[in-house]
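Have a look at the structure below, then the notes.
The values are calculated or read from the model by the stated rules, or taken from the named source; none is laboratory data. Since the structure is predicted, the reported quantities are computational estimates derived from the model, not experimental observations. Ideal geometry is used to build each Cβ from the backbone, glycine not excepted, and the neighbour counts take in all protein chains shown.
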Amino acid sequence: MNLLPVILSGGSGTRLWPLSREQYPKQLLPLVGEFSLLQDTVNRVRGMTLGGTEVTAPLVVCNERHRFLVAEQLRQLQLNPSAILLEPCGRNTAPALTLAALHDLAKPGNGEASILLVMPADHVIKNQKAFQKAVVAGFELAADEALVTFGIVPDSVQTGYGYIHQGQPVHQCDANAYFIEQFVEKPDEKTARSYVDSGEYLWNSGMFMMKSRLWLEQMAQFRPDMLQACEVAYKNGVKDLDFFRVATAEFQACPSDSIDYAVMEPLTQTTQSSTSELRNRGVVIPLDADWSDVGVWSAMWQVQQQDSNSNVLKGDVICHEVQGSYIHSQSRLVAGVGLTDLIIVETEDAVLVAHKGCTQDVKQVVETLQQQDRSERITHRQVYRPWGFYQGVVEGERFQVKKIEVKPGASLSLQMHHHRAEHWIVVKGTAKVTRGDESFLLSENESTYIPLGVKHRLENPGTLPLQIIEVQSGSYLGEDDIVRFEDVYGRE
């Protein structure tokens, strides 16, 4: 029996706006180090040993709009995943895990199935050895038919987390593990303090281990409607390049629920706490590994190295008489004077200023942006595509200027526009241009013109990144004014 890491990468991270956006959420950002949170999650289990048990390449479940970003970040780690399953819409963690379990059981010759290690892609765990030790203990329990979760040993009173009440200790293993007595929703401060003081409660981490077959059995018992919807969506899914795309309409009809609500809580309520059998029991392993879900900016301040004034400063920042603050500059100088306990995050198109104690409310700003249909909720100035990225430079009436970078060997789609013409100037590398019936190369400091309504394509035939400046002019400059005729990435 092998261990299959399942990475759930469907979150939007709205409380970490303006760095986290709908099209580039927090799990894809390098928030606390060299790698993104997704890449850190992958690296957390690479090289693990479980005796003679194989730890396979991870299976990632993500939103289809992030598919090329996820694939690129795995490629940067030189990792071929077991699979990348694409969700057409978010339906929370229970359907995502169900798709992963169905995919695992669909593999030829996998009748015994795998033990799944379920990890959100957006957590920080600094003590990797402690985490891996807990995983080894969880594997032993999951092999004996338990449904295992990891409870974080609390180091403070927190009202933003759910809690797990530890029951009787599990005597069938050498590890420190407990039967789950109860899942508790996010408490008020007085209740949370009593939980922490008792020493009997752990934070709910959202990480789990169980056999894929056992998970589907529990879904059949507690959420047959959800299981049926996932089965139909998976059965009617299709392979798309390096991805598996579940059927859109069928998955949209699936109810939305978390692993906790769908299975773990009702399982705990229906099992008898007096029995010592592990099969079909919820078990929690305490985990003390410097964990954080970095869900809000105050958590980002807490998990990073602070200076002598308890500040975390990122980018081009100058401070005078500033204490206990997190200041992040992405594109320009940010100067702070006489500040205490503030969060300041600057990007090219937005600036957030918040008190450190109010960072849970950043999501209210994102909701307002959605109501006003503003693009700052969805994307950054720098927009990633499977071929590279483009970045808005300046925009005016009937014109805009973009910087475009194309990866070596990559190409944009063969396309045309109804409402705009384009001028391309090569500033670095070599471009292969298709314009109508002709095809030609452009070197640095050379340019060309793409008239309105003419089919065209931009390619990078070289081994270095291609950079061009694109000047668009016309009556409408929206990104939806694209008619694609051919696309190597399968986009419509």
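General observations
- Of the criteria (1) loosely packed, with under 13 Cβ neighbours inside 10 Å; (2) modelled with pLDDT of 95 or more, which one G357 fails: (2)
- Screening A96 with (1) small (G, A, S); (2) in contact with a Pro (Cβ under 9 Å, 6 or more places away or on another chain); (3) modelled with pLDDT of 95 or more gives one miss only, at (2).
- Test: residue in segment 394-410 that is surrounded by fewer than 16 Cβ atoms within 10 Å (Cβ to Cβ), more than 23 Å from G490 (Cα to Cα), without any contact (Cβ under 8 Å) to a residue 40 or more places away in the chain and in contact with a strand residue (DSSP E or B) (Cβ under 8 Å, 6 or more places away or on another chain): yes
- Any hit, segment 158-176, residues being under 30 Å from M300 (Cβ atoms) and without any contact (Cβ under 8 Å) to a residue 40 or more places away in the chain: yes
- Note on segment 83-119: among residues that are in contact with a Leu (Cβ under 6 Å, 6 or more places away or on another chain) and among the small types (G, A, S), the one that is surrounded by the fewest Cβ atoms within 10 Å (Cβ to Cβ) is A113.
- Residues located in segment 267-287, provided they are at pLDDT 95 or above and surrounded by fewer than 16 Cβ atoms within 10 Å (Cβ to Cβ): none
- Residue in segment 88-106 that is in a helix (DSSP H, G or I), in contact (Cβ under 8 Å) with a residue 40 or more places away in the chain, acidic (D, E) and under 27 Å from A137 (Cβ atoms) present: yes
- Checking I468 against (1) within 20 Å of E395 (Cα to Cα); (2) of a type in the set (V, I, T); (3) assigned to a loop (DSSP other than H, G, I, E, B), the condition it does not meet: (3)
- Top-ranked residue in segment 220-248 [being in a helix (DSSP H, G or I), more than 25 Å from V70 (Cβ to Cβ) and touching a residue at least 40 places away in the same chain (Cβ under 8 Å); ranked as nearest to the chain's Cα centre (by Cα)]: L227
- Of all residue pairs spaced 6 or more apart or on separate chains, those with beta-carbon atoms under 8 Å, a first member in segment 328-344 that is under 23 Å from Q360 (Cβ atoms) and among the hydroxyl-bearing types (S, T, Y) and a second member that is modelled with pLDDT of 95 or more and outside any strand (DSSP E or B) are T340/G324; T340/S325.
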